[in-house]
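One structure is given below, encoded as structure tokens.
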Amino acid sequence: MDIAVLSDVHGNYIALERCLEYALSRNINTFFFLGDYVGELAYPERTMKILYDFNEKYKCYFIKGNKEDYWLKYRADGEKGWEDKNSASGSLLYTYQSLTSKDLNFFAQLQPVKEITIDDMTAITICHGSPYKINEKMLLDDNKTIEIMNRVKTSIILCGHSHIQCKIVHNDKCVLNPGAVGVPLFSEGKTQFLILHGNGEEWSEEFISLEYDVDGVIRDMDEVKLDEHAYYWSVLTKNILRGGNTSHGKILSRAMELCREKTGNCVWPNIPEKCWKQAIKELIGL
């Protein structure tokens, strides 16, 4: 049997449709979704509708990502602490205000990690970041990743979060990251996912990268005026969609460093916009 593995949609319903259509064309009817379903991009309700529809028609396994934790914590904290017209939190607020009670309740019942066995096949661990921490990146040439692999009992770990498509092998274990559907890094602007092929006992992987309507995604961002909610975050998102490889996290870290240098302290999301501007100029030249 074959399984499509998709992670980090981040609200890119156009890329999600492209990946799912391709998977269906390969006669795949089982899907692993590894979290971060909405965020950054326009019309999150369209992404959620696709996911609900697929869950009704096909065998789907869903994992909670760190974005889902963001929405749930914001609700639990009384919807306080985020600001609009703010590059740190404006896109979060836009997305949250588009979510319904059904969406939040769906996120609330998701688990951060699952061990799955299908038929007599080798068991698989699926997670968003790592099996032990939802926002921990499992990266190539990283000692922490090797430590995690040694602790996990299954021979295959599927994870996302880094937005980088990769395979990591250590002894008899393997980490597979499908890349990101929505805002992938090092993909030349293509949307990415993974197909697992099962031969009755063992799994093998096929990494997929697809062209899709990036211009349509950016038009949607402009249509809902995402730049008014989170200007520099949106500038960076568009840069990644067009093939840029500097992550939001890297720009955020530099913006917070600049904030501390200028003010002596920096508490997210209170990062001056001029710090975002300088960070983007330094790291990607925009």
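At-a-glance table
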| read-out | value |
| --- | --- |
| Whole-Hz ³J(HN,Hα) from phi, Karplus 6.51 cos²θ - 1.76 cosθ + 1.60, for the range 66-80, glycine and proline x | 5, 4, 4, 4, 4, 4, 5, 5, 4, 5, 5, 8, x, 6, 10 |
| Relative contact order of the chain, pairs being alpha-carbon contacts under 8 Å that are 6 or more residues apart, as % | 21 percent |
| ³J(HN,Hα) computed for each position of the range 239-249 - Karplus, 6.51 cos²θ - 1.76 cosθ + 1.60, integer Hz, glycine/proline x | 4, 5, 4, 8, x, x, 10, 9, 6, 4, x |
| Amide H within-cut-off set for ILE156, under 5 Å, with H built and near neighbours excluded | THR125, CYS174 |
| Fraction of accessible area attributable to carbon and sulfur, the range 168-286 (%, probe 1.4 Å) | 46 percent |
| Among the listed pairs LYS57/LYS190; LYS114/LYS153; LYS190/LYS250; LYS114/LYS238; LYS85/LYS277; LYS238/LYS277, those beyond 24 Å (Cα-Cα) | LYS57/LYS190; LYS114/LYS238 |
| Rel. contact order, % - alpha carbon contacts under 8 angstrom, at least six apart, the range 210-286 | 25 percent |
| Set LYS49/LYS281; LYS80/LYS137; LYS67/LYS225; LYS64/LYS144 screened for pairs whose C-alpha atoms are more than 31 Å apart | LYS49/LYS281 |
| C-alpha long axis of helix 214-223 to longest principal axis of the chain, angle in ° | 40 degrees |
| Cross-link partners of LYS262 among aspartates and glutamates (Cα-Cα below 15 Å; sequence separation of 8 or more within a chain) | GLU273 |
| Sum of side-chain charges, ILE218 neighbourhood, beta-carbon under 9 Å (Lys, Arg +1; Asp, Glu -1) | 0 |
| Pairwise centroid distance, computed over Cα atoms, of the range 173-225 with the range 99-153, Å | 17 Å |
| In order through the range 10-21: 3J(HN,Hα) via Karplus (6.51 cos²θ - 1.76 cosθ + 1.60), integer Hz, x for Gly, Pro | 6, x, 8, 5, 5, 5, 4, 4, 4, 5, 5, 4 |
| Under 20 Å from LYS133, Cα to Cα: aspartates and glutamates that are on another chain or at least 8 residues apart | ASP8, ASP36, GLU68, ASP69, GLU115, ASP141, ASP142, GLU147 |
| When the chain is reduced to its Cα atoms, the Kirkwood hydrodynamic radius in Å | 19.3 Å |
| Dipole-positive endmost among PHE32, SER91, LEU158 within the range 2-210 (Cβ charges, Cα centre) | SER91 |
| Over the range 168-261, volume per residue of the alpha carbon convex hull, in Å³ | 132 Å³ |
| For the chain, accessible area per residue (1.4 Å probe, heavy atoms of protein chains only), Å² | 45 Å² |
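The values are calculated or read from the model by the stated rules, or taken from the named source; none is laboratory data. Being a predicted model, the structure only gives us computed values, none of them experimental. A quick note on method: Cβ atoms are made from the backbone with ideal geometry, for glycine too, and the neighbour counts reach across all protein chains shown. Areas reflect the complete protein model, heavy atoms only, side chains present, ligands, DNA and RNA absent. Shrake-Rupley method; radii C 1.70, N 1.55, O 1.52, S 1.80 Å.
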